[in-house]
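Chemist: Got a structure for you, written out below as structure tokens; questions coming shortly.
What follows draws every value from the coordinates through simple rules; no lab data is involved. Predicted, not measured: the structure shown is a model, and the values here were computed from it. Quick reminder, even Gly has a Cβ in these numbers, built from the backbone with ideal geometry, and neighbours come from all protein chains shown.
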Amino acid sequence: MNVNGISRISFGYNKEYHDKVENYLTGVKQNRDIALHLAELDKISMKMEDDIIELENRKKTNTAKFDKLVNCLIDLKNSVTYNIESSFPKLKYCDNEIEQYKKEFDEGKDKDGWRYSVCKNLSSFSVKYFNEFNIPSKSSADKLPPPSDLSEKPVAAGESEIDFDDDFVDEAIKSYLTLEIPNEYFPNGFEDVIGLDNIKAALKEDIIEYANSPEFARLNYIEYGLKAPRGFLFYGPPGCGKTMLVKALAAETGLSLYKMDISKLGSCYINQTSVNIQDAFEYLAQIAKKNGKPVLLFMDEVDALAINRDAKSNNASTENTKATTTLLKMIEQAREQNIIPIAATNKYDMLDGAFVDRFDGQYYIPLPKDEQIESLVIKLLSGRLKGKNLAQDRESIKKLTQLLHGYSNRSITFIIDSASKIAKNDNRSDISFEHIKKAISEADLEKIDEKEYIKDSKKSKIGF
């Protein structure tokens, strides 16, 4: 390559590889704005390397301009490498860069110069080259996934030589869409959910039978015109078991449960929130197609996203409106894509009316009534060796039930935990009625007024 008639030494980058990177980044659909920015920054870094090599050829490496260019290149390369490695690990961007620089200074060019400096900085992002450049700390490398092995394979007609769609989507959306992995605290099924019998029965008919017996569901459609559910909306006071119910449903069906983090879904970039919503649904559609069965999508605190688009609302904005409109569109298409959306909110009044109408089932999850409080307290105490005696004291349990009336499931659990600590500090004695009474007085928890969570009498109050 010639610049101003000066013969140049080899590139500080693999031009053929970077052309492939650019083609890929400019062709992706998910997080397109970010991908385009990274492609542009990669081009800028290559141009900066050209300028450095030009000064190098002109024997002007001892100038302030040369030093500034090298320092800028190192900073830019670090930023570009971090972001591409995080979002596109199979591009093996960092290792390709290091290999090209290393090839040059191994051949005797710039053994201790700028190429080595760039390599030393980039090696903190590379598992492969980490130790070779004597990096003292692994803090940077540990934040990034190790570069994936991209073995060569024949390219089918019409396909890109670099095909990283699945890996990119997984990396790009994992910050706001996560797979819920069952653990020791995960419910085994509806048996772990106290009360809500009517809702559990409805979910068994509408989701569990549909998911576990697709042929039977098909027969229901042929004979009765009954379709698969479009989704479910749980609303009511906080801490009353909405999330627990969703996890129990996943356990009952054996379906994958993905949780959308509404707080991380938003973006400061124009239209990016809408793009993130669409990306999430498209990704889940791919998962459902790959697995050959539906997936559950849980959207907790959905009122922060599906906000009322009424122009009179002070909370409405152009971006809110766009995001809500996109969400409505994706939920409308979810059934055909084998996605079952389940939304939950403590603020029903704030939801957009059209959003609410998209859900076949709308269930109010109320505060536990006396029977459920009693069952919950007995269950919590029975699971503790020092609480078994109190759990069998029917008279004390009845009194505790009255004291705990008006508290949510979460608050009751907190109170029992607090009482357990009090008993432990009381010469490791058994948990007593007085310990729980003291825990209630010290907990500083307010009882919930359900009137704040029931919009009007027309709403179906199904549950306890």
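Chemist: For the pair LEU219/ASN198, report the inter-label distance in nm, with labels modelled 7 Å from Cα in the Cβ direction.
Modeler: Here the answer is 2.9 nm between the modelled labels.
Chemist: For the pairs LYS43/LYS103; LYS227/LYS290; LYS259/LYS451; LYS43/LYS264; LYS47/LYS289, flag any whose C-alpha to C-alpha distance is greater than 32 Å.
Modeler: Numbers: LYS43/LYS103 21 Å; LYS227/LYS290 22 Å; LYS259/LYS451 29 Å; LYS43/LYS264 30 Å; LYS47/LYS289 43 Å.
Checking Cα-Cα distances, LYS47/LYS289 exceed 32 Å.
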